[in-house]
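Read the structure below first, then the notes.
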Amino acid sequence: MDLVYFDAGGGHRAAALALQEAIHREGRPWRLRLVHLAKVLDPQDRFRRATGFAPEDVYNKRLARGWTLGLGQELKLLQGMIRLAHGRLVQQLASHWAATEPDLVVSLVPNFNRALGESLRCALPGVPFVTVMTDLVDLPPHFWIEPEAGQHLVCGSGRAEAQARAAGLPPTHIHRVSGMLLHPDFHAPLPLDRAAERRALGLDPERPVGVVMFGGQGSMQMLRIARQLSDEPLILLCGHNAVLAERLRALRGPQPQVVVGYTREVVRWLRLADYFVGKPGPGCLSEALHLGLPVITFRNAWTMPQERPNTDWIRDEGLGLVLRSVDALPDAVRALRSDWDGWRARVARCENRAVFEVSALIERLLARAERPQAVDWIGAVAAARG
């Protein structure tokens, strides 16, 4: 079984690793392969050798610097290039499937699902193709939902499920789960003496502590947040952004602010906090809410198009506050503190078991799948392109 991901942002790889770990912990007898889509499409690494960086690096560096303005227009350009290259993509991917012969393929990436599904159907007809959305809502057309791809679509929200129906996917191929894929560590008990650990970090155990996170790449926006909330104790998770971490450590304010570089202990740090501040990414929001943290997030011209619907969800469900500017943060924190019980009660209604629900879905699809037959995949691709 193949789990297809790429490294544009950190959510796609994180979702693949979460599903892999859940399947492993459940003891399912499946052989899993993590398939980096960029390496399949460019096995000779020509792009990196020609430019000096991987295709995802530009996007990730923009996230780290907070340069997200204009990404909506760039997405349309990328999708146009994918459509122009569709025939070649199908041929490359069909060759890969024919050589590796997976029994099932799970896509955790947007934009490429039509090519992934059509190529699999050409090379290995009958092998199930599953797309797991790592966004709460689709950004049509041709982002997650591709009716022509023969995909089973896993939706983590009611709105995504409605979008799938409206796009024409058969009801038998639409699968609603209870949220985004979270690593099994988020579901495991973690013995933690919060008061003692906070004291060890210099944080007052009696005062609400915020955790600031902008995904695996961090964001220079966190510097402005730290300055605006200099009167509040904070935990700042910087991900891979070492420059950001260094600059945050150089700040001095009246309250302690704990700066954390890349860590595999995100669960522990979130459990030490009382509320979340960060971008409206589906992964960050879902992790915080699952651990009981009301959220403060942002929506403005710099918010990426696929993340804007997440802010509507936060508002509609009463799970936190959505701000236009970092300047409004001090008032927002005071608003949370004024009704902790109400915010926490609403957040406690969020129950997410999606990673285990997807594992169970895969088991059902494998049980019903036809044994793949040897086919003339080159002829099938040529027919599809014709």
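Bear in mind that the values in this text are calculations on the coordinates, not laboratory data. None of the values given here were measured: they were computed from a predicted structure. Heads up, the Cβs are rebuilt from the backbone with ideal geometry, glycines too, and the neighbour counts pull from every protein chain shown.
Here are the numbers for this structure:
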| read-out | value |
| --- | --- |
| Helical mean residue ellipticity (222 nm; -39500 (n - 2.57) per DSSP H run of 4+; nearest 500) of the chain | -13500 deg cm²/dmol |
| Packing-based exposure ordering (other Cβ within 10 Å, fewest first) of Thr303, Thr100, Thr134 | Thr100, Thr303, Thr134 |
| Within-12-Å neighbourhood charge of Ala301 [Cβ basis; K, R +1; D, E -1] | +3 |
| Acute angle (nearest 10 degrees) that the helix 71-84 long axis makes with the longest principal axis of the chain, alpha-carbon atoms | 10 |
| Ser107 long-range amide H proximity, modeled H, under 5 Å | Val4, Val130, Thr131, Val132 |
| Of the chymotrypsin sites (Phe, Trp or Tyr not before Pro) in region 264-311, those whose Cβ has at most 16 other Cβ within 10 Å and which sit in DSSP loop | Trp302 |
| Between region 89-138 and region 260-295, the Cα center-to-center distance that results, in Å | 31 |
| Cα gyration tensor shape for region 192-347, rounded if a/c is under 1.5, else prolate or oblate | rounded |
| Most to least packed among 246-258, 215-227 [average Cβ atoms within 10 Å] | 215-227, 246-258 |
| Phi-based couplings in Hz for region 132-137 (Karplus 6.51, -1.76, 1.60; Gly and Pro marked x) | 9, 5, 9, 10, 6, 9 |
| Footprinting exposure proxy for Met180, Met81 (fewest neighbouring C-beta atoms within 10 Å first) | Met81, Met180 |
| Region 74-137: relative contact order as a whole-number percent, Cα under 8 Å and 6+ apart | 37 |
| Pairwise FRET efficiency - Ala328 versus Ala250, Cβ, R0 = 22 Å, nearest 0.05 | 0.30 |
| Entry for Rg and Dmax of the Cα atoms in Å (calculated from the structure that is shown) out of (i) 20.8, 66; (ii) 21.7, 70; (iii) 19.9, 59 | (ii) |
| Degrees between helix 86-100 axis and first principal axis of the chain (Cα, 0 to 90, nearest 10) | 80 |
| Helix axis angle, 354-368 relative to the chain longest principal axis, alpha carbon, degrees | 10 |
| Sorted by Cβ neighbour density within 10 Å, fewest at the top, the residues Met133, Met1 | Met1, Met133 |
| Rounded Å value of the spacing that divides the Cα centres of region 149-166 and region 222-256 | 39 |
